[in-house]
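A quick write-up on the structure given underneath.
We did not get these values from a lab; they are worked out from the coordinates using the rules stated. Just so it is clear, the structure is predicted and the values come from calculations on it, not from any experiment. Here the Cβ positions follow ideal geometry from the backbone for every residue, glycine too, while neighbour counts run over all protein chains shown.
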Amino acid sequence: MNNLFQEFPSVNLAEWKDKIMKDLKGKELSVLDIHDPIENIDFRAFYHKHERTSADLTPGSFPATRGSKTSNNDWSNGALVIVFDEKEANTKALDLLMKGANLLCFAGHKENIDWKKVLNKIQLEYIRTQFVVDGIDEVKQIISIAGSAKNQIAFCFDGLTFDMSSELHDLMKESQTGTYIVNGYGVQRCGANTWQEVAFCLSTGHELLVKLMEAGFSIDEAAAQIHFHVGVGANYFNEIAKFRSLRQLWSKIVAAYNPEHSCSYNCQITALVGHTNKSLRDPYTNLLRQTTETMSAASTVDAIIVLPYDLYAKDGASELSQRMALNISTLLKEESYLHHVIDAPGGSYSVEHLTETIGQKAWEHFQKLGKDGGIPSENVQKAFTEDVKKTASVRMEAYASGSATLIGVNKFPDPNEKPTQWNQVPGYLGMEAFIADTIKKTETV
């Protein structure tokens, strides 16, 4: 294969800046320097290869900045099934599978669920499933139903809030089934920026590793029990860099405990496209936002669940919003072929710089959290949530004043729009969910 860099004349940094100055037509280069008040990071609109500080990496190599995939970039197309009634949940799950889902996340919202009815005719060996359940009895029931497909399922016990059980650990060791989630999505949903979310994931994940090893798990077994739920924000390149930083830093944490198997370095990520920047008043712009957010996650994650934009609307999710949410991954695969390109952003100097910047801030915050007692500590958790609330306030002010633009929300609203009618969106760790659509503007924009 030809080296394309040899086919074109090399341009050094000085020449590159001269060219940019000409294109700016007399403006200073400083106009391309940007400060992001929400992320609290500085970056430029251009970078050159001579400014690189990291070595070239290949997908599958350590640290896992470019992910663990080496043959393709496929990800699971997920959908949420909330179980209020067993028969209705089963009908919905089968319909979602027929429409393109190959990951189902079941969330139980009633007591004494008959999971055999919920999973009737669902061939678990051919799909991935995740279960949000209350306790060990439901776990036993589901594993019994799964049979030989038990390695295809995972449970979503929140590693920060769920009390560990020796009985559960014995069952997990036997089945080798993922058990605990690190709920980065929860803090992102409340307004956290990228590096706050990564730091939370690292701190919570590390605490889980330690507790599992103290309970008798090897580092390889402990790492296999943990998977990450990570939210996806609106800033396209920052989100790409966030996922890369999380993978890179998690692999370094696991490496400190000398695992026997290289697969233990992998960070199992399910990305959730949520509601912080969605509007009940502008469904079509929501589709654009959901698509770009899915694209940023698709560069490196294992699974993506696009939640219908009106999931928490007063009237509930419409059939159209559910169908469109499921279609986005299918379109990006079957029409854009993103599942064929491994780590498409790899080699972008800007993305590499953002990865390093977000990673450095996340690592420093992770170390601070650990030094003060770790995220399970009540005082540390309180300080962390206060920091997230401050970031959410900065977001709120940016949208309210119009300094940050959300089409259809604070810019170019539909003149025939109807009032928004949101139900309560779940918060996390005592924090309220951040929904830009509900913010009142402080001035005309």
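The HN-Hα couplings worked out from phi for region 47-53 by the Karplus form 6.51 cos²θ - 1.76 cosθ + 1.60 (θ = phi - 60°) are 9, 10, 4, 6, 9, 5, 10 Hz, whole numbers, x standing for Gly and Pro. What do you get for GluC sites (Glu not before Pro) in region 328-435 restricted to DSSP loop and a cutoff of at most 11 other Cβ within 10 Å of the site's Cβ? Passing both the DSSP loop test and the Cβ count: Glu335. The residue list Pro37, Leu24, His50 was ranked by how far each Cα lies along the charge dipole of region 12-51 toward its positive end, using unit charges on Cβ atoms, and Leu24 comes out on top. Annotation: amide H of Ser76 within the under-5 Å range of Ala303, Ile304, sequence separation 5 or more or interchain, hydrogens built in the peptide plane. Per residue, the average separation of C-alpha pairs within less than 8 Å and at least 6 apart gives the chain a relative contact order of 18 percent.
Computed about the Cα centre, the dipole magnitude for region 371-412 is approximately 160 debye when only Lys and Arg (+1) and Asp and Glu (-1) carry charge, each at its Cβ. Farthest towards the positive end of the charge dipole of the chain, among the residues Gln248, Val394, Gln123, is the Cα of Val394, using unit charges on the Cβ of Lys, Arg, Asp and Glu. Fully extending the segment from Lys19 to Trp422 would add 140.1 nm, taking 0.36 nm per residue of separation and subtracting the current Cα-Cα distance.
Backbone geometry of region 277-282 corresponds, through the Karplus equation with coefficients 6.51, -1.76 and 1.60 at θ = phi - 60°, to 3J(HN,Hα) couplings of 10, 8, 10, 6, 8, 9 Hz, x marking Gly and Pro. The trypsin sites (Lys or Arg not before Pro) of region 1-104 meeting both criteria, a DSSP state outside H, G, I, E and B (loop) and at most 15 other C-beta atoms within 10 angstrom of the site's C-beta, are Lys25, Lys27, Arg52, Lys99. Of the peptides 102-114, 200-212, 261-273, the order by per-residue mean of other Cβ atoms within 10 Å, starting with the highest, comes out as 200-212, 261-273, 102-114.
Sorting Val83, Val11 by the number of Cβ atoms found within 10 Å of their own Cβ, with the fewest placed first, yields Val11, Val83.
When you filter the GluC sites (Glu not before Pro) in region 51-96 for DSSP loop state and at most 10 other Cβ atoms inside 10 Å of their Cβ, nothing is left. Charged side chains reduced to their Cβ positions (Lys and Arg at +1, Asp and Glu at -1) give the chain a dipole of some 760 debye around its Cα centre. For the chain, modelled as a GNM whose springs connect Cα atoms under 10 angstrom apart, the maximal fluctuation among Thr357, Thr194, Thr161 occurs at Thr161. Using a Gaussian network model of the chain in which every pair of alpha carbons under 10 angstrom is joined by a spring, one finds that among Gly60, Gly373, Gly191 the greatest mean-square fluctuation is at Gly373. Remark on Ile41: its backbone amide H falls under 5 Å from those of Asp36, a criterion applied only to residues 5 or more positions apart or on other chains, H modelled at 1.01 Å from N. Under 5 Å between amide hydrogens, built in the peptide plane, is the criterion, and for Gln268 it picks out Phe228 among residues at least 5 positions away or on other chains.
Over every Cα atom in region 329-375, the radius of gyration and the widest Cα-Cα span, Dmax, amount to 16.9, 49 Å. Counted as membrane-span-like here are DSSP H helices of the chain whose alpha-carbon atoms extend 24 Å or more along the helix's own axis and whose Kyte-Doolittle mean is -1.0 or above; these are 194-214, 236-255, 349-371, 378-401.
Highest GNM mean-square fluctuation among Ile38, Ile20, Ile358, for the chain modelled with Cα contacts below 10 Å: Ile20.
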